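These notes concern the structure reproduced below.
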Amino acid sequence: MSKKRQEHHEEHVDESWLIPYADLLTLLLALFIILFAASQTDQKKYQAIMQSFNSAFTGGVGQFNFSNLIPLTTEPNIDQKKFDQPTNPAIPNGSEQQQKQQQLQQQMEKEQYDLQQLKQKLDQYIAENKLTTQLETKLTEDLLMLTIRDNALFSSGSATVKPEAKQLAGTISEMLAQYPDYRIEVAGHTDNVPIRTAAFETNWDLSAKRALNFMKILLENDNIGPERFRSIGYGEYHPIDTNDTEAGRAKNRRVEVSILRSVKPPQMIDAAAKQP
């Protein structure tokens, strides 16, 4: 008889594990509902669901206690809404970008007009004074360059500006004074024939001194701001012609006065950005 009672007692299964299992299922259900609510765009429904779950779990149930649940008050996907705004020229950001592009275009057009006018004045002066063999101008995408042969400014091997060349420098400075918004570079160049004198050890010294001396004469004009100017000597290392002939070497010995653009065309900016 006792054996039958013992067998009946062994068949009775302990079901206490159902309590935490039910709590776990409840938590999983709550988690899925919260995730579903977070994916919806209706903010009012989302907040209502969160408040309902917060209220339901405030007292704590089973093995876990949710009484410290913090209600979600911030608007979901707020950053995404900011980035999802379509690009529209009518909005402030779009109009500001358009204004910058228009200002850039207007500045480029003004610079092009100014440099063309200055080139015409220089070309007219060169033609009227029959200096076409000694001076020439060239307008490029980034500057207006006036090239002056060295024999128009200096004696051979010297960096002293000839007295008769000072009138030329004065005329050039008067033209430059009419365009005060541009930076000016005065560069000296030589041929590749070595020089070693008491005054100049190398062609670097000769080219740099020639550029500096000519720039000083340009700056004698009180209407020109010296902060706009710089001088540089390139020596023999930027030839424009061969150094194998006397005619080529004569072209390489020169002073260049460059009026620099402050705004470069977009294609030049793109090309510079692609360079390694």
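The values are calculated or read from the model by the stated rules, or taken from the named source; none is laboratory data. The model shown is predicted, which means the values in this text are computed figures rather than measured ones. Quick reminder, even Gly has a Cβ in these numbers, built from the backbone with ideal geometry, and neighbours come from all protein chains shown.
Quick notes on this one:
- Applying the criterion of being under 24 Å from TYR113 (Cα atoms) and touching a Ser or Thr at 6+ places or on another chain (Cβ under 7 Å) to the residues of segment 145-166, the residue that is surrounded by the fewest Cβ atoms within 10 Å (Cβ to Cβ) is MET145.
- Just one of the listed residues (ALA169, ALA177, ALA187) is surrounded by 12 or more Cβ atoms within 10 Å (Cβ to Cβ) and touching a Leu at 6+ places or on another chain (Cβ under 8 Å), and it is ALA169.
- Per-region count, segment 151-171, residues touching a helix residue (DSSP H, G or I) at 6+ places or on another chain (Cβ under 7 Å) and either assigned to a strand (DSSP E or B) or under 21 Å from HIS238 (Cβ atoms) (or both): 4
- Number of residues in segment 167-194 that are charged (D, E, K, R) and modelled with pLDDT under 95: the value is 1.
- When residues in segment 131-149 are screened for being of a type in the set (D, E, K, R) and modelled with pLDDT of 95 or more, 3 of them pass.
- Residue in segment 202-209 that is assigned by TED's automatic domain parsing to the domain that holds ILE148, surrounded by fewer than 17 Cβ atoms within 10 Å (Cβ to Cβ) and at pLDDT 95 or above present: yes
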